[in-house]
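Asks: If you scroll down you'll find the structure; I have some questions about it.
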Amino acid sequence: MDAGGKDGAIRHVMSGVNPQGCEVFSFKQPSANELEHDFLWRATCVLPERGRIGIFNRSYYEEVLVVRVHPEAYEECFSATSTDHAPWFAVPADDKDDARLIVSQIVLDALGELTLAYPKTTPKRRHELEAIGKLLKKE
């Protein structure tokens, strides 16, 4: 987990994304306030708002595993929490180029599954926007 290249992978994979629409959240040792809540409370507090990308640079698995030190702690965690909707991916960190390529493909696949569309507008609002566009072109 530590020194696994998470920071570098995030920088590399997200380098082409407008930073105004993307935020990275790093989770360090829980504060006293965070310890008073359930273990996912602090992650819930920083979920991205609609239309933004949020990256957690300390994943849920680390929150679950922080108190466990045995290898079966990983298998149990992954088996209990990986779903078709939110699968886990174990990415080997011994080759940075391959790891970044794998992460990039995972992100591309996930984005490709989204049903994104521009917001719907009314004919009246579209006419107003076209009028504003024409005024701006004259300036």
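Asks: From the set of residues in the range 76-91 that are in contact with a helix residue (DSSP H, G or I) (Cβ under 8 Å, 6 or more places away or on another chain) and surrounded by 11 or more Cβ atoms within 10 Å (Cβ to Cβ), which is nearest to Ser104 (Cα to Cα)? So that I can check it myself, show each step before the final result.
Replies: Taking the range 76-91 and keeping what is in contact with a helix residue (DSSP H, G or I) (Cβ under 8 Å, 6 or more places away or on another chain), we get 77-78, 81, 88-91.
Keeping just the survivors that are surrounded by 11 or more Cβ atoms within 10 Å (Cβ to Cβ) gives 77-78, 81, 88, 91.
On the way: Cys77: 24, Phe78: 21, Thr81: 22, Trp88: 15, Val91: 11 Å.
Across the range 76-91, the extreme among qualifying residues is Val91.
Asks: Under 7 Å by Cβ, and 6 or more places apart or on different chains, what pairs join a residue from the range 31-43 that is over 20 Å from Asn57 (Cα atoms) and of a type in the set (Asp, Glu) with one that is at pLDDT 85 or above and surrounded by 14 or more Cβ atoms within 10 Å (Cβ to Cβ)?
Replies: Nothing qualifies.
Asks: Looking only at the range 100-127, filter to residues that are in contact with a helix residue (DSSP H, G or I) (Cβ under 7 Å, 6 or more places away or on another chain) and not polar (S, T, N, Q); which one of those is surrounded by the fewest Cβ atoms within 10 Å (Cβ to Cβ)?
Replies: First, the residues of the range 100-127 that are in contact with a helix residue (DSSP H, G or I) (Cβ under 7 Å, 6 or more places away or on another chain): 100, 103-104, 107.
Now drop any that are not not polar (S, T, N, Q), which leaves 100, 103, 107.
Details: Arg100: 18, Val103: 19, Val107: 15.
Ranking the qualifying residues of the range 100-127, first place goes to Val107.
Asks: Something else: Specify which of the listed residues (Gly4, Gly16) is closer than 23 Å to Ala93 by Cα, modelled with pLDDT of 80 or more and not in a helix (DSSP H, G or I).
Replies: Working: Gly4 fails: modelled with pLDDT of 80 or more.
On inspection, the qualifying residue turns out to be Gly16.
Asks: Would you pick out the residues in the range 85-107 that are part of a helix (DSSP H, G or I) and touching a residue at least 60 places away in the same chain (Cβ under 8 Å)?
Replies: Taking the range 85-107 and keeping what is part of a helix (DSSP H, G or I), we get 96-107.
Lys96, Ala99, Arg100, Val103, Ser104, Val107 - these are the residues of the range 85-107 that are part of a helix (DSSP H, G or I) and touching a residue at least 60 places away in the same chain (Cβ under 8 Å).
The values are calculated or read from the model by the stated rules, or taken from the named source; none is laboratory data. Every value quoted in this text rests on a predicted model; they were computed, and no experiment measured them. Positions of Cβ are generated from backbone atoms using ideal geometry, with glycine treated the same way; all protein chains shown enter the neighbour counts.
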